[in-house]
């Protein structure tokens, strides 16, 4: 049964994102297929997997993107005119 669910979950993940850009969903699916969701062994494997994911270049880049987006939001302010992105056109 786990093999079937892993295949379906994996195909859904592949349609939505690549393993290189978002490795966490794939790691979660692999962990569940191998260890299940209960027991000491599954929790220890999950901890090792998370530690490995946190140290990847992809993880660092995703954190960087989040922080840059947060910074852009704070620089935008709230006092400017409202802009409808669907009707706005460049001046000139």
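Nothing in this text is a laboratory measurement; each read-out follows from the coordinates by a stated rule. Given the structure is predicted, the values throughout are model-derived calculations rather than measurements. Please note: Cβ atoms are built from the backbone with ideal geometry, for glycine as well, and neighbour counts cover all protein chains shown.
Peptides 61-70, 23-32 ranked from most to least packed give 23-32, 61-70, packing being the mean of other C-beta atoms within 10 angstrom over each peptide's residues.
Computed over the alpha carbons of segment 15-57, Rg followed by Dmax gives 11.0, 32 Å.
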